[in-house]
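Only the coordinates and a few stated rules stand behind these numbers; no lab work does. Because the structure is a prediction, the values reported are computed rather than measured. Here the Cβ positions follow ideal geometry from the backbone for every residue, glycine too, while neighbour counts run over all protein chains shown.
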Amino acid sequence: MATTRTVQAIGRAGINLTTLAAAADATGDNFANTGSEFLYVNNASAGTITLTLVGQQTVDGQTVTNRTVAIPTVNAMLIGPFPVGIYNDANGRANVTWSGVTSTTIVACKLTPGQ
């Protein structure tokens with residue numbers, strides 16, 4: 001089963017993001033998705049890591065192709081937001097898998113306007 005991540009809220013006061021190691025198993029990570037969330041991914045490894053966003057929508061009986069994002073060696077990226085109609089599973093969660101997780105840390109976060 002995928003590792004469920006808590007979404008951290010970002011407001012005007014800022015936030016000290018608490019990153020965690022990416023899930024090492026094949027099922028990857030998931031997080032509650034309202035369409036306002038982003039993933040912060042830090043790849044401190046010696047090679048490029050590919051993140052795969054698992055598509056959940058079907059069109060004419062065909063599943064939408066998963067989206068992949070390459071995170072270069074020793075680089076951090078902010079990825080998102082994720083439209084709920086494309087990426088949410090039946091539990092309202094977006095799911096991601098990884099090509100490798102050595103020295104890869106992540107955090108799911110979202111903007112909270114007005115805070």
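Table for the structure above
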| quantity | calculated |
| --- | --- |
| Neighbourhood net charge (11 Å Cβ-Cβ; Lys/Arg +1, Asp/Glu -1) for Thr4 | +1 |
| Only Lys, Arg (+1) and Asp, Glu (-1) charged, at Cβ; region 3-111 dipole about Cα centre in debye | 280 |
| Length released on extending from Thr6 to Thr63, taking residue separation times 0.36 nm less the Cα-Cα span | 17.8 nm |
| Options Gly14, Gly100, Asn42, ranked by Cα towards positive dipole end of the chain, top entry (Cβ charges) | Gly14 |
| For region 44-98, alpha-carbon Rg relative to the globular expectation (2.2 N^0.38 Å, N residues) | 1.29 |
| Extension reserve of the Thr52-Thr27 stretch, reckoned as 0.36 nm per residue once the Cα distance is removed | 7.9 nm |
| Exposure proxy ranking, count of Cβ atoms within 10 Å, fewest first, for Val64, Val107 | Val64, Val107 |
| Stretch gain in nm, segment Asp89-Ala70, where the contour uses 0.36 nm per residue and the Cα spacing is subtracted | 4.6 nm |
| Contact order relative to length of the chain, as percent, for alpha carbon pairs under 8 angstrom and 6 or more apart | 42 |
| Structure-derived Rg and Dmax of the Cα atoms in Å - corresponding label in [x] 20.2, 62; [y] 14.1, 45; [z] 15.9, 55 | [y] |
| For the chain, built as a Gaussian network whose Cα springs stay under 10 Å, the top-fluctuating residue of Asp89, Asp29, Asp60 | Asp60 |
| Region 1-68 shape via C-alpha gyration tensor axes, a/c threshold 1.5 | oblate |
